[in-house]
Amino acid sequence: MKKIFTLLAALLVCASAFAQKWEGLAQTPQMGWNSWNKFGCDINEQLIKQTADKMQELGLADYGYVYLNLDDCWHGSRDKSGFITEDENTFPSGMRALTDYIHSKGLKAGIYSDAGVQTCACRPGSLGHEYQDALVYANWGFDYLKYDWCFTTDVNPKGAYRVMRDALRAAGRPILFSMCEWGSNQPWEWAAEIGHSWRTTGDICASFNDVQHYDDLGNPTWKAQGVLSIIDQNEPLRKYAGPGHWNDPDMLEVGNGMTVAEDRAHFTMWCMMAAPLLLGNDLNTMTPETFAIITNRDVIAIDQDPLGIQGFRTAKNVGGVEYWFKPLEGGDWAFCILNRSDSDQKVTVNWKKFCLDDEISGRSTGFDKIVYDMKNLWDAKAKPATTKRNLKVTVGTHDVAVYRLTPAGEK
């Protein structure tokens, strides 16, 4: 214990020298799995090991899913010196043994805490213990920290997240810092130097539309945010995203109860928005349809494109259809049609009407001058096509059609 105190004191003395986040992490949006959306507080050592085993068995790291993240409820109490411990009942082998196991599977390990006095599930928060906790996480071998925002009355968000950033850097182990502040204080305006990603919205639910909750008397209380609502909140923030600092519209609900079409649209739109892709389903019981969605390499490549530019919405029509573009490396574009409506929609795309200039990438689609080859990313049997002709397609309800457009020559 004396050695730990000595090290902690040294960290506090030299902390100002490390007043920056760990660079070189999250150059593309982070990908992995998180325990919360499916399991909530019902987590334990066995579940995490089983998930690590399944991630290895499925080869998910080969698709980019490298982080296996524990969310809330792993905590025990603080010891007499104020250092956090794991719950000995649910994690009897200890966190160091768990991270060693995760690492042995070719994966990275993530953990969760909160900037307040308690976590959202009323476990010990990190307020006042930031340097202690960062040192413990580093000693345990974690590679990722999700840092929540519950029980933060009178806490300054910029200051709170900077303190933990500095603590993580001073602890000496590169740790990706995922800020979960829900967008309450517009973190996109100030967080690029602090974290590698920041939440832009409240918590997602496994629904395409918002879900109204009621009290015992039938009075409306709060709304859980569905996929469409979160898209609308995140889309205007594209100028703030880029390599090493991403808008985070929350974790994925793919495989948690929506239709296959809705899961496909949800996953595609997160890729169009260059969002972190953190699976939130039970990997041991997922269907072949879910597996096919989360392992579509062509769609994942849109999310992981090295340019790191978030896509944008160009137009809506009265049928509930909207059109999205995302600039990609090599002069390519991702083009997505999202059908928000409750019925199938027949769409005709006149490419000349989408001659657009994107001020963030500095590029133009140039459909009046350039012919693009089109690759349908969800229909492998689709016939080859180009933008010489109008695109005619039927997009199912709550579904998408998405294409990669590659320059083929001038008109």
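The values are calculated or read from the model by the stated rules, or taken from the named source; none is laboratory data. These numbers were taken from a predicted model, which means no experiment stands behind them. Note: ideal-geometry Cβ built from the backbone for every residue, glycine included; neighbour counts use all protein chains shown. All accessible areas refer to the heavy atoms of the entire protein, side chains included, with ligands and DNA or RNA removed. Shrake-Rupley method; radii C 1.70, N 1.55, O 1.52, S 1.80 Å.
Annotations
- Residues located in the range 31-61, provided they are part of a loop (DSSP other than H, G, I, E, B) and either aromatic (Phe, Trp, Tyr) or under 30 Å from Asn89 (Cβ atoms) (or both): Ser35, Gly40, Cys41, Asp42, Ile43, Asn44
- The set of residues in the range 184-201 being out of contact with any Lys or Arg (no Cβ under 6 Å at 6 or more places or on another chain) and open to solvent by less than 20 Å² (accessible area, probe 1.4 Å) consists of Pro187, Ala191, Gly195, His196, Ser197, Trp198, Arg199, Thr200, Thr201.
- Close pairs (6 angstrom Cβ cut-off, 6 or more residues apart or separate chains): more than 10 Å from Asp399 (Cα to Cα) and touching a residue at least 12 places away in the same chain (Cβ under 8 Å) in the range 332-352, assigned to a strand (DSSP E or B) and open to solvent by 60 Å² or more (accessible area, probe 1.4 Å) anywhere: Lys346/Thr394; Thr348/Lys392
- Among the residues of this structure, Trp74 does not count as one that is under 16 Å from Ser113 (Cβ atoms), aromatic (Phe, Trp, Tyr) and open to solvent by 20 Å² or more (accessible area, probe 1.4 Å).
- Filtered residue count, the range 391-411, keeping only those that are more than 30 Å from the chain's Cα centre (by Cα), exposed (fewer than 13 other Cβ atoms within 10 Å of the Cβ) and modelled with pLDDT of 95 or more: 1
- Sole residue being open to solvent by less than 80 Å² (accessible area, probe 1.4 Å), closer than 20 Å to Tyr131 by Cβ and modelled with pLDDT of 95 or more, chosen from Trp33, Trp22: Trp22
- Index of the failed condition, Arg165 passing every other in (1) open to solvent by less than 40 Å² (accessible area, probe 1.4 Å); (2) in a strand (DSSP E or B): (2)
- In the range 140-152, residue nearest to Arg162 (Cα to Cα) [restricted to those that are under 19 Å from the mean Cα position of the chain (by Cα) and not in a strand (DSSP E or B)]: Trp149
- Top-ranked residue of the range 195-233 - restricted to ones that are small (Gly, Ala, Ser) and touching a residue at least 12 places away in the same chain (Cβ under 8 Å), ranked as farthest from Asp250 (Cα to Cα): Gly195
- Looking only at the range 66-82, residues that are part of a loop (DSSP other than H, G, I, E, B) and in contact with a Ser or Thr (Cβ under 9 Å, 6 or more places away or on another chain) come to 6 in all.
- Within the range 312-333, the set of residues being under 18 Å from Val227 (Cβ atoms) and crowded, with 20+ Cβ neighbours inside 10 Å comprises Phe312, Trp324, Lys326.
- Each residue in the range 298-334 was checked for being small (Gly, Ala, Ser) and at negative phi, and 5 of them qualify.
- At least 2 residues being buried (at least 23 other Cβ atoms within 10 Å of the Cβ) and not aliphatic (A, V, I, L, M) is the threshold, and among the helices (runs of 4 or more DSSP H) wholly inside the range 219-311 those reaching it are 260-272.
- Residue selected from the range 315-329 under the condition at pLDDT 95 or above and not aliphatic (A, V, I, L, M), by the criterion farthest from Glu262 (Cα to Cα): Glu329
- Residues of the range 359-378 satisfying the condition of being surrounded by fewer than 16 Cβ atoms within 10 Å (Cβ to Cβ) and free of Cβ contacts under 8 Å to residues at least 12 places away in the same chain: Glu359, Gly362, Ser364
- Residues considered: Thr295, Thr314, Thr287. Of these, the only one that is within 16 Å of Pro29 (Cα to Cα), of a type in the set (Val, Ile, Thr) and in contact (Cβ under 8 Å) with a residue 24 or more places away in the chain is Thr295.
- Residues within the range 83-139 that are open to solvent by less than 30 Å² (accessible area, probe 1.4 Å) and assigned to a helix (DSSP H, G or I), tallied: 12
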